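What follows is a short report on a single structure.
The values are calculated or read from the model by the stated rules, or taken from the named source; none is laboratory data. Bear in mind that the values here come from a model prediction, so they are computed numbers and not experimental data. Virtual Cβ from ideal backbone geometry, glycine too; neighbours counted across all protein chains shown.
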Amino acid sequence: MKGDIYIISAPSGTGKSTIIRKLIKIVPALFFSISYTTRTPREREINGKDYFFVSLEEFENLVANNEFLEYCKVHDNYYGTHRDQVLPLIEKGLDVLLDIDVKGAMKIKGMFSDAILIFILPPSLEELLRRLEKRHAESPEALKIRLNTLKEEVLYWKYYDYLLINDYLNKTIEDVKSIIISNRLRKDRQAEIIEDIIHKKILSPLF
């Protein structure tokens, strides 16, 4: 049984990165797909942990070698999901969590129809602006670009399997965890285990 792909998409400032970090710690056998990007690291970001930070030339070479499952340009920087961050893990039956935008999510869904898509929104536009301004990392022009991106991204919500509002961080983390755990308990995911229990431990002693 292959592992599943979970995709979380959310506007910048929604709390997505914090949610993902917590999930990786509390959900067993869930691995984070580290994206490649040409943008410069932000404060406290670590190469190989938050992103693989590469030059434009390096990124273009990876594209030429068909090493990305998907890639796109966002705010003048490129982002990509490397095959080696996903395929070897799901082949081993492990689950992989991707942090990608809506267009990247559509590309992955086109390749893996059973990928689970989760869209997270802030409770309001005002709250999103407050969170972005609190980071002190956005110029007025950058904030305007992000808000325009938000207007485009929210139109994709209908293509996602789950829609969450991150008004309370811990609740949102538990909600995403519940989605993953309930998906793992699906009948088809449990088939091999159940067959072993039924035939070896229940039916066999009766004959």
### Query
Hey, among the residues in the stretch 31-60 that are among the small types (G, A, S) and surrounded by 16 or more Cβ atoms within 10 Å (Cβ to Cβ), which one's nearest to the chain's Cα centre (by Cα)?
S33
### Task
Go through the stretch 10-30 and give me each residue that's surrounded by fewer than 18 Cβ atoms within 10 Å (Cβ to Cβ) and either in a strand (DSSP E or B) or free of Cβ contacts under 8 Å to residues at least 12 places away in the same chain (or both).
R21, K25, P28
### Message
Just to be sure before I move on: is I7 within 13 Å of V96 (Cα to Cα) and either in a loop (DSSP other than H, G, I, E, B) or of a type in the set (A, V, I, L, M) (or both) in the structure I sent?
### Response
yes
### Message
Against the condition of a type outside the set (D, E) and outside any helix (DSSP H, G or I), how does P41 come out, does it pass?
### Response
yes
### Task
Can you confirm whether the stretch 66-80 contains a residue that is charged (D, E, K, R), over 25 Å from Y159 (Cα atoms) and at pLDDT 95 or above?
yes
### Task
State all residues of the stretch 69-105 that are within 12 Å of the chain's Cα centre (by Cα), in a helix (DSSP H, G or I) and hydrophobic (A, V, I, L, M, F, W, C); if no residue qualifies, say none.
V102, A105
### Message
Could you go through the stretch 61-73 and let me know if any residue there is surrounded by 15 or more Cβ atoms within 10 Å (Cβ to Cβ), in contact (Cβ under 8 Å) with a residue 24 or more places away in the chain, among the hydroxyl-bearing types (S, T, Y) and in contact with a Leu (Cβ under 7 Å, 6 or more places away or on another chain).
### Response
no
### Selected residue [out of contact with any strand residue (DSSP E or B) (no Cβ under 9 Å at 6 or more places or on another chain) and either touching a residue at least 24 places away in the same chain (Cβ under 8 Å) or within 18 Å of K16 (Cα to Cα) (or both)] from K109, K92
K92
### Query
In the stretch 154-175, what residues are part of a helix (DSSP H, G or I), touching a residue at least 12 places away in the same chain (Cβ under 8 Å) and either of a type in the set (S, T, Y) or within 18 Å of S12 (Cβ to Cβ) (or both)?
V154, Y156, W157, Y159, L169, T172
